[in-house]
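J.: Sharing a structure below in structure tokens format, with a few things to ask.
The values are calculated or read from the model by the stated rules, or taken from the named source; none is laboratory data. For clarity, every value in this text was computed on a predicted model and none was experimentally measured. Please note: Cβ atoms are built from the backbone with ideal geometry, for glycine as well, and neighbour counts cover all protein chains shown.
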């Protein structure tokens, strides 16, 4: 259990931070000090390890040297503002959860001004800083720092959670709006909340949960098994986003993997825990496979491991494992929830009932390259008519289909809200099954539901005229008196996918819409890279000064996603197949189909039969 968390930036103060960590270990013991890579095992997910450490921490030391604020990333901007910055995440999470924070300024380094810090870190300035001299006075100052911590630690622990947040400064909402600016994947593993007061004194203070998951399908080439998330639905006793990203599992049987999760909010004796387990979506998939986790806590004194063991068939309800040590009992009939309203993934449906989509940060991960997507941004100015709101959720739907991040509902991802700054929201969208079915556009609906604590106060639906995989400059949208500026930035996928195939183009969008409907109704298919793929007509709206609509060829994968950018060889093969089909269906396909590069800079190439697969 690490009570002391040391946060530092390597480029600024690594050697001095090492000395501080060594001094703390000498005084408090190795187990009580969390210090970066010394406490994170190789291969571990750093976000999970940091959150676990913060769950136990009582004090965070923020080591600030002369370069702490000025260290820049590859884009030339301060790292502190960069997506995925570890230092910013550590401090923001500690502030948001009431951990005592000590800015440790080296050799009289001044604290930065508030306007030079991200909003989530500005409450750092409400804590008294400690100046630590790194030369001959180091030993004396380090001893004084330890005395300071030991003298005030007990008083800090005696404060209630609410009092700690007041010490952090201002309203929790004002602080948390800065956290909302951090990427969603950075906020997905919550710091563990205090154990319920109703738990017996002799019960363990912290519990883990072992989930033995029987997969619906074999892991395939992913020997480590699929990444999983656990949404802790109930009980909720903190403002944290109650989602844990689970560590890599170990295999315990054929298609059976064991995942481990901390329980951030252990229920009191006789109360229910409810959670939802889902795969992390690396790319969009239809009809989320969700696994419900439920148990009733039995916290009578036991001399057994503090672990809850559950057996979970993927996509169904977990049961208490026969190997559980006795801290959990089976739930009664599950409560009615949003899960029961989702159509079954096993039902025969011509169209996905919903899409499980990746988080934006999942799409940006270096190990998840190759997926083309649009980064959608929504921003507003101050919203004084919503000053009572402290958070909001955002629901997404495209052409009537719900888009669920990792298959979870909007309630799983609340965003802190401050009416003084308004909305600043980003999310990622792949093409999914978009094909321009609304006159070349898609009907993207963003439903913003604002809450005061857990009580909804207002809901607003923003209709966006979206074009899949195309950048859109800032455009205003107004609904119910709320004005938001939105934009979309297209991020190409595979570098090789440079070509689009055009069947025809025309300024008459209605005529091409009719042709698209007839083409799709014909249910044509072709061979692509050794397998059969359904063909789909993709209607693209005018771009720039070109007033013509274009009708492209796309292929639909078994998971429902539509692809209409291809590499050179695939596009040439599709062109050849298209010409063969044109002989049989001249009413649908013209013989003068052509291909060109996505950016329109390459020369137009007429389709030929030479490259037929």
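J.: Filtering segment 62-75 down to residues that are outside any loop (DSSP other than H, G, I, E, B) and touching a helix residue (DSSP H, G or I) at 6+ places or on another chain (Cβ under 7 Å), which residue is nearest to residue 103 (Cα to Cα)?
T.: 62
J.: Any chance segment 276-287 includes a residue that's under 16 Å from residue 234 (Cβ atoms) and either at pLDDT below 95 or touching a strand residue (DSSP E or B) at 6+ places or on another chain (Cβ under 9 Å) (or both)? Write out each step before concluding.
T.: Step one: filter segment 276-287 for residues under 16 Å from residue 234 (Cβ atoms), giving 276-277.
Subsequent filtering for residues that are either at pLDDT below 95 or touching a strand residue (DSSP E or B) at 6+ places or on another chain (Cβ under 9 Å) (or both) retains 276-277.
There is at least one residue in segment 276-287 that is under 16 Å from residue 234 (Cβ atoms) and either at pLDDT below 95 or touching a strand residue (DSSP E or B) at 6+ places or on another chain (Cβ under 9 Å) (or both).
J.: I'm told residue 382 meets every condition in (1) modelled with pLDDT of 90 or more; (2) part of a loop (DSSP other than H, G, I, E, B); (3) touching a strand residue (DSSP E or B) at 6+ places or on another chain (Cβ under 9 Å) except one. Can you identify the failing condition by its number?
T.: In the conditions (1) modelled with pLDDT of 90 or more; (2) part of a loop (DSSP other than H, G, I, E, B); (3) touching a strand residue (DSSP E or B) at 6+ places or on another chain (Cβ under 9 Å), residue 382 misses (3) alone.
J.: Can you find even one residue in segment 122-129 that is surrounded by fewer than 21 Cβ atoms within 10 Å (Cβ to Cβ), more than 33 Å from the chain's Cα centre (by Cα) and assigned by TED's automatic domain parsing to the domain that holds residue 16?
T.: yes
J.: Hey, another quick one. Please go through segment 511-529 and pick out each residue that is farther than 25 Å from residue 471 by Cβ, in contact (Cβ under 8 Å) with a residue 12 or more places away in the chain and not in a strand (DSSP E or B).
T.: 515, 518, 519, 520, 522, 524, 529
J.: Let me ask you something else. Taking segment 318-334 on its own, how many of its residues are under 29 Å from the mean Cα position of the chain (by Cα) and modelled with pLDDT under 95?
T.: Of the residues in segment 318-334, 1 are under 29 Å from the mean Cα position of the chain (by Cα) and modelled with pLDDT under 95.
J.: Right, something else. Which is buried (at least 19 other Cβ atoms within 10 Å of the Cβ) and within 30 Å of residue 386 (Cα to Cα), of 477, 484?
T.: 484
J.: Residue 460 fails exactly one of the following numbered conditions: (1) outside any helix (DSSP H, G or I); (2) over 20 Å from the mean Cα position of the chain (by Cα); (3) touching a residue at least 60 places away in the same chain (Cβ under 8 Å). What is the number of that condition?
T.: (3)
J.: Could you please let me know if residue 370 is part of a loop (DSSP other than H, G, I, E, B), assigned by TED's automatic domain parsing to the domain that holds residue 448, at pLDDT below 90 and on the phi > 0 side of the Ramachandran plot? Lay out the reasoning, then the answer.
T.: Numbers: part of a loop (DSSP other than H, G, I, E, B): yes; assigned by TED's automatic domain parsing to the domain that holds residue 448: yes; at pLDDT below 90: yes; on the phi > 0 side of the Ramachandran plot: yes.
Yes; evaluated as a whole, the condition is true for this residue.
J.: From the set of residues in segment 536-547 that are under 19 Å from residue 466 (Cβ atoms) and part of a loop (DSSP other than H, G, I, E, B), which is modelled with the lowest pLDDT? Show your work before the answer.
T.: Start the filter on segment 536-547 by keeping residues that are under 19 Å from residue 466 (Cβ atoms), which leaves 536-544.
From what's left, part of a loop (DSSP other than H, G, I, E, B): 541-542, 544.
Working: 541: 94, 542: 92, 544: 81.
By that ranking, first place goes to 544.
J.: When you go through 494, 540 one by one, which is the residue that is out of contact with any helix residue (DSSP H, G or I) (no Cβ under 8 Å at 6 or more places or on another chain), surrounded by 20 or more Cβ atoms within 10 Å (Cβ to Cβ) and closer than 26 Å to residue 370 by Cα?
T.: From the options 494, 540, the qualifying one is 540.
J.: If we scan segment 78-87, do we find a residue that is out of contact with any strand residue (DSSP E or B) (no Cβ under 9 Å at 6 or more places or on another chain), at pLDDT 80 or above and in a helix (DSSP H, G or I)?
T.: Yes, that holds for at least one residue.
J.: Test residue 550 against the criterion of being assigned to a strand (DSSP E or B), at pLDDT 85 or above, in contact with a strand residue (DSSP E or B) (Cβ under 9 Å, 6 or more places away or on another chain) and surrounded by 14 or more Cβ atoms within 10 Å (Cβ to Cβ), and give yes or no.
T.: yes
J.: Closer than 27 Å to residue 558 by Cα, more than 35 Å from the chain's Cα centre (by Cα) and not in a loop (DSSP other than H, G, I, E, B) - does that describe any residue in segment 465-479?
T.: Looking for residues that are closer than 27 Å to residue 558 by Cα, more than 35 Å from the chain's Cα centre (by Cα) and not in a loop (DSSP other than H, G, I, E, B), one finds none in segment 465-479, hence no.
J.: Which condition breaks for residue 489 when tested against (1) in a helix (DSSP H, G or I); (2) under 27 Å from the mean Cα position of the chain (by Cα)?
T.: Only one criterion is unmet by residue 489, namely (1).
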